[in-house]
């Protein structure tokens, strides 16, 4: 039965996650407010069956961690509904009286550092107002000492109204508020905490001036999503294990999708997408030919938006440097792109020594070994931390030694010829 339930989850529930994200989500704000990992409790307004899929998709795609929903026990009475809700990681709860079994299940979820979603209204509301909040979510947060993440779901009741069993062609928004910290939870009574959270959620879903109405808030979420992808890339590069990127590749593609929903053609996200695909291309010959052309197109698209972008020029320079001439490689074009990258690196907050070795390689391939040696000499005393930095420095020192030896050999040969 567990195997069948997992099949339903992957082939039906996750498909709904993709469908809702693709067809019915307009924007997500407040990504920067999310913790790096669980456990925590998501508390949201509830006006549609689609709420499960919007929230479930978001946290599944950003955390790749099971998300659990507190759901009325009546949803488990019919065999198919029971099967579906179990596949969706729903926990049955009795809304009329204290439910010890449900409370223990919630505690187990949070002890396992997972994410628990609770709708404190207890049932679907009309969408244009909040119903009275129940206190269960706040009791468990206080008991387990975990933060609460308030979320406002806007317009979801129009995607699938209560009296409708199919999706309407409209889009909704998700506004994520700042976490309600454990210390704050401990300092307030259950009633005060419930009222405070209700006010916060009202500000996120029903106030006159909502977060998703401002492009600056959408852009902040896109920045946070780009940083998530960048952090994973840096970890993979630091470890030197390109194969590891395959484990989370789909996860970070979803993060990129959410970023572009908020801010189409968001430059930092485009750059990280190109880097992500570039690393993925190095994991197998098939992946190489699949992703490398996309990497080049993304770098060119960024340069079309920001002609001086250092990292985009670096990516493009790497392409021209590493590819054979038959497939578009060109040492001269690599030198041009990498020179721009090196020159502009400080403007974009990038250390120039990250680009030094590749630019020196371009100098060497275009026949300018003295230029390569001179450039490398400037980086020999650079200071930094991490395995990746040390490996880069050792390669620079080895290359200096190699080019110096070649230069001395040329001088000796010339002297011998002159004699």
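The values are calculated or read from the model by the stated rules, or taken from the named source; none is laboratory data. Bear in mind the structure is a predicted one, so any value in this text is a computation, not a measurement. Here the Cβ positions follow ideal geometry from the backbone for every residue, glycine too, while neighbour counts run over all protein chains shown.
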remark   = Filter the stretch 371-383 for residues that are in contact with a helix residue (DSSP H, G or I) (Cβ under 7 Å, 6 or more places away or on another chain) and modelled with pLDDT of 90 or more; the one that is surrounded by the fewest Cβ atoms within 10 Å (Cβ to Cβ) is 377
inquiry  = Being surrounded by 22 or more Cβ atoms within 10 Å (Cβ to Cβ) and touching a helix residue (DSSP H, G or I) at 6+ places or on another chain (Cβ under 9 Å): is that true of residue 48 here?
reply    = yes
inquiry  = Among the listed residues 360, 304, 274, 312, identify the single one that is assigned to a helix (DSSP H, G or I) and surrounded by fewer than 20 Cβ atoms within 10 Å (Cβ to Cβ).
reply    = 304
